[in-house]
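First up is the structure itself, then whatever we jot down about it.
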Amino acid sequence: MGYEEVVRIRGRLKLGRVILYSILILLAASWLLPYYVIISSSFKSLRELSLRKFLEPPLNPDLKPYIKALKEVGPGLINSTLISTISTLLSVLIGAWGGYFLARFRFKYAVPLFFLIAVATYLPPQIMLIPSVQLMAKLNLYDTYQGLIFMYTILYSPMAALIIATFFLAIPNELQEAAFLDGCGPIQFFWRILIPLSMPGIASAIILIFTMIWNEFLFALTLSRSPTVRPVMPVVAALKGTTAAEWNVQMAGTVLASLPPLITFILLGRYFIRGLLAGALRG
Amino acid sequence: MKANLKYAIIFLTPILFVTFILYAMVLWSVYVSLTYWYGILPSWKFIGLSNYYYLIQTERFWIDLRNNSLWLALFILPTTFLGLFLAYALDRIGKGEGIFRAIFLYPTALSFVVTGNVWAWMYDPDVGVLNTILKSLGLGFLQSRWITDPSIALYCVIGAAVWQYTGFAMIIYLSAIKGIPPAMIESAVVDGATSLQILRHIIIPQVRHATLVVTSLLAIFALRVFDLIWVMTGGGPAYSTDVLAIYMYIATFRQHLVAVGAALSVIIFLLSIVIVIPYVKWAMKRWLGLGGG
């Protein structure tokens, strides 16, 4: 390759790069715009909002919309925190416990069982909706924390098993064989060696499933009614009706409800992505 | 490691119990769809396929089927293309990859309820963001009634879903592109291939498995989509954004035609399972080395 040839290719690459960056920056801006607008609007008074200068940051950041919004969504935030945390931990526990056996032991039904669990992960929620209402009524759990925790644990344990089993599959067999030769049983091996070794996988499962349960809407809407139980998403979905034309309050409530998963994503995005890939069965 | 029965029971009981309940619920819904349950209290009178027969005679069912089909096409195509483009672009630029990745991926961590509220305001025809920005850019002629205009409301809602899911497609593609041997691309560059040629002749064939993952999972979502529509339009105006899942909820909890709602849920289930079963079989074999199925 001659000198001129190199210069030509470099020039072409440089131009290509500039165009690429410009497109990416434009797209990134439009991806950020909607969330930026609701954050900046949530700090504006109704008066300032009526000027409709959406791209400008608030002149005098106003906390009143948040105080009002907190009155609406505050109980929901507490309910969601409790329900999502407990259901996530239960799902991950059940998932890891079963996922270990499926991933690390050879037996005749391992593959069909894995298949059934994976299919259960992708079932549309609608097919479980009517039976879940009946089940909750039968067990006297309708409109209770326990009811929602029970349903979410059932709905998300297969996903947890799938994600965690994908990580367990990557751990070399020799490790378990060596541990068993030293007289360590499967239960000890699970708690003492496998779990500590698989912390990244467990963390991915916890983060992804917590996000999914926190963000869930259909079952939250259907299986709860009273403000002391109802998770935050159905509350946020109803803000339009409960706060009339107070857009700033609606936006503040929406921001508040989106913060826990968003902060987790920003701080622990790496695990979120790994969970996402494993959950897509894309190990 | 060979399994023994004692440990199989200890380890598998909880997850099998959970999975059993899920499949029992599927069967339960199928059964309800064959009964005469209209009203608050269950009625177990078996009436065969009458509820399905009723559905195919309602206009709403066919509108919903059409809308779900539009979702399949108009949601999957742009999301997949954009995801692939972004993954390719991010892989090439080097500097700034992390920050761009986070920007396109953050909507994945949001609830559809949040996305719905955000975009309902973007689209609001009177005080909304899009119309205001268009006007200030001197593009007032592009202003529109957005989600309140029955002729375009569906596309607007799908647009919000594309915004939310593009990052997901991107991340699947990105992990596939990272798996392509760099030597393959380098030698093409040395041979004078343009970026587009590299994309067409190397990247796209090499990431075809990722394409299968992305399109399958987006299709599964497009068949069950509910929250986003519920929050943004409730299925309106005039059923223009109505889908099977919205009708299912309304039939069950508003019209109290519970058996009809169950029939709709079974239809959503059947449409999904046609994608889910081959996908899971293929994915288990391909990524996890668990053959058969």
- Item | Every residue from segment B:33-49 that is in contact with a Phe, Trp or Tyr (Cβ under 9 Å, 6 or more places away or on another chain) and facing another protein chain (nearest Cβ under 10 Å) | B:Ser33, B:Trp37
- Message: Checking the structure you have, find out if any residue of segment B:259-266 is facing chain A (nearest Cβ under 8 Å) and not hydrophobic (A, V, I, L, M, F, W, C).
- Response: yes
- Out of segment B:64-89, which residues are more than 13 Å from every other protein chain (Cβ to nearest Cβ) and either of a type in the set (A, V, I, L, M) or touching a Lys or Arg at 6+ places or on another chain (Cβ under 6 Å) (or both)? B:Leu65, B:Leu70, B:Leu72, B:Ala73, B:Leu74, B:Ile76, B:Leu77, B:Leu84
- Task: Check A:Met136 against each of (1) assigned to a helix (DSSP H, G or I); (2) facing another protein chain (nearest Cβ under 7 Å); (3) modelled with pLDDT of 95 or more and name the one condition it does not meet.
- Result: (2)
- Which residue pairs have Cβ atoms closer than 6 Å, lie 6 or more positions apart in sequence or on different chains, and pair a first residue in segment A:220-242 that is assigned by TED's automatic domain parsing to the domain that holds A:Leu139 with a second residue that is assigned to a loop (DSSP other than H, G, I, E, B) and of a type in the set (Gly, Ala, Ser)? A:Arg230/A:Ser224; A:Met233/B:Ser111
- Query: Among the residues of segment A:101-119, is there at least one that is touching a residue at least 60 places away in the same chain (Cβ under 8 Å) and within 30 Å of B:Leu34 (Cβ to Cβ)?
  - Reply: yes
- Considering segment B:118-140 alone, what residues qualify as being in contact with a Ser or Thr (Cβ under 7 Å, 6 or more places away or on another chain) and under 22 Å from A:Ala257 (Cβ atoms)? B:Val118
- Message: Quick check on this structure: which one of B:Val190, B:Val231, B:Val162 is aliphatic (A, V, I, L, M) and surrounded by 24 or more Cβ atoms within 10 Å (Cβ to Cβ)?
- Response: B:Val231
- Query: Does A:Gly275 satisfy the criteria of being closer than 19 Å to A:Asn215 by Cα, surrounded by fewer than 24 Cβ atoms within 10 Å (Cβ to Cβ) and not hydroxyl-bearing (Ser, Thr, Tyr)?
  - Reply: no
- If you go through B:Val113, B:Val129, the only one that is at the interface with chain A (Cβ under 7 Å from one of its Cβ atoms) and either at pLDDT below 85 or under 14 Å from A:Leu32 (Cβ atoms) (or both) is B:Val129
- Query: Checking A:Lys108 against (1) assigned to a helix (DSSP H, G or I); (2) modelled with pLDDT under 95, which test does it fail?
  - Reply: (1)
- Within segment B:235-247, restricting to residues that are more than 8 Å from chain A (Cβ to nearest Cβ) and in contact with a Lys or Arg (Cβ under 8 Å, 6 or more places away or on another chain), the one that is farthest from B:Ile152 (Cα to Cα) is B:Tyr247
- Matching option when the condition is facing chain B (nearest Cβ under 7 Å) and either among the polar types (S, T, N, Q) or within 19 Å of A:Gly76 (Cα to Cα) (or both), among A:Pro231, A:Pro261: A:Pro261
- How many residues of segment B:189-233 are among the acidic types (Asp, Glu) and either farther than 30 Å from A:Glu216 by Cβ or part of a loop (DSSP other than H, G, I, E, B) (or both)? The answer is 1
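Residue-wise test of (1) surrounded by 19 or more Cβ atoms within 10 Å (Cβ to Cβ); (2) over 30 Å from A:Leu116 (Cα atoms); (3) not aliphatic (A, V, I, L, M).
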position: B:Phe20; (1), (2), (3): no, no, yes
position: B:Leu27; (1), (2), (3): no, no, no
position: B:Val32; (1), (2), (3): yes, no, no
position: B:Ser43; (1), (2), (3): no, yes, yes
position: B:Tyr53; (1), (2), (3): no, yes, yes
- In this structure, does B:Arg92 turn out to be among the basic types (Lys, Arg), more than 13 Å from chain A (Cβ to nearest Cβ) and either in a helix (DSSP H, G or I) or buried (at least 21 other Cβ atoms within 10 Å of the Cβ) (or both)? no
- State whether the residues of segment B:63-74 include one that is free of Cβ contacts under 8 Å to residues at least 12 places away in the same chain and either among the acidic types (Asp, Glu) or farther than 23 Å from B:Trp230 by Cβ (or both). no
- Subset of segment A:1-55, residues at pLDDT below 80, assigned to a helix (DSSP H, G or I) and among the small types (Gly, Ala, Ser), comes to A:Gly11, A:Gly16
- Message: From the list A:Gln176, A:Gln126, exactly one residue is of a type in the set (S, T, N, Q), facing chain B (nearest Cβ under 8 Å) and surrounded by 24 or more Cβ atoms within 10 Å (Cβ to Cβ). Which is it?
- Response: A:Gln126
- Taking segment A:101-112, which residues are more than 7 Å from chain B (Cβ to nearest Cβ) and either hydroxyl-bearing (Ser, Thr, Tyr) or buried (at least 20 other Cβ atoms within 10 Å of the Cβ) (or both)? A:Leu102, A:Ala103, A:Tyr109
- Query: With A:Pro124, A:Pro131 as the choices, which residue is outside any helix (DSSP H, G or I) and within 23 Å of B:Leu264 (Cβ to Cβ)?
  - Reply: A:Pro124
- Taking the residues in segment B:248-258 that are within 10 Å of chain A (Cβ to nearest Cβ) and within 22 Å of the chain's Cα centre (by Cα) as candidates, determine which candidate is surrounded by the most Cβ atoms within 10 Å (Cβ to Cβ). B:Met248
- Out of A:Gly201, A:Gly241, A:Gly275, report the one residue that is in a helix (DSSP H, G or I), over 18 Å from the mean Cα position of the chain (by Cα) and not aliphatic (A, V, I, L, M). A:Gly241
- Test result for B:Trp287, in contact with a Lys or Arg (Cβ under 8 Å, 6 or more places away or on another chain), aromatic (Phe, Trp, Tyr) and within 10 Å of chain A (Cβ to nearest Cβ): yes
- Message: Residues to consider are B:Ile185, B:Ile103; find the one that is more than 17 Å from the chain's Cα centre (by Cα), modelled with pLDDT of 95 or more and either at the interface with another protein chain (Cβ under 7 Å from one of its Cβ atoms) or not in a loop (DSSP other than H, G, I, E, B) (or both).
- Response: B:Ile103
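The values are calculated or read from the model by the stated rules, or taken from the named source; none is laboratory data. Everything quoted here is computed from the prediction, not taken from an experiment. Neighbour counts are summed over all protein chains in view; Cβ atoms, including those assigned to glycine, are modelled from backbone coordinates with ideal geometry.
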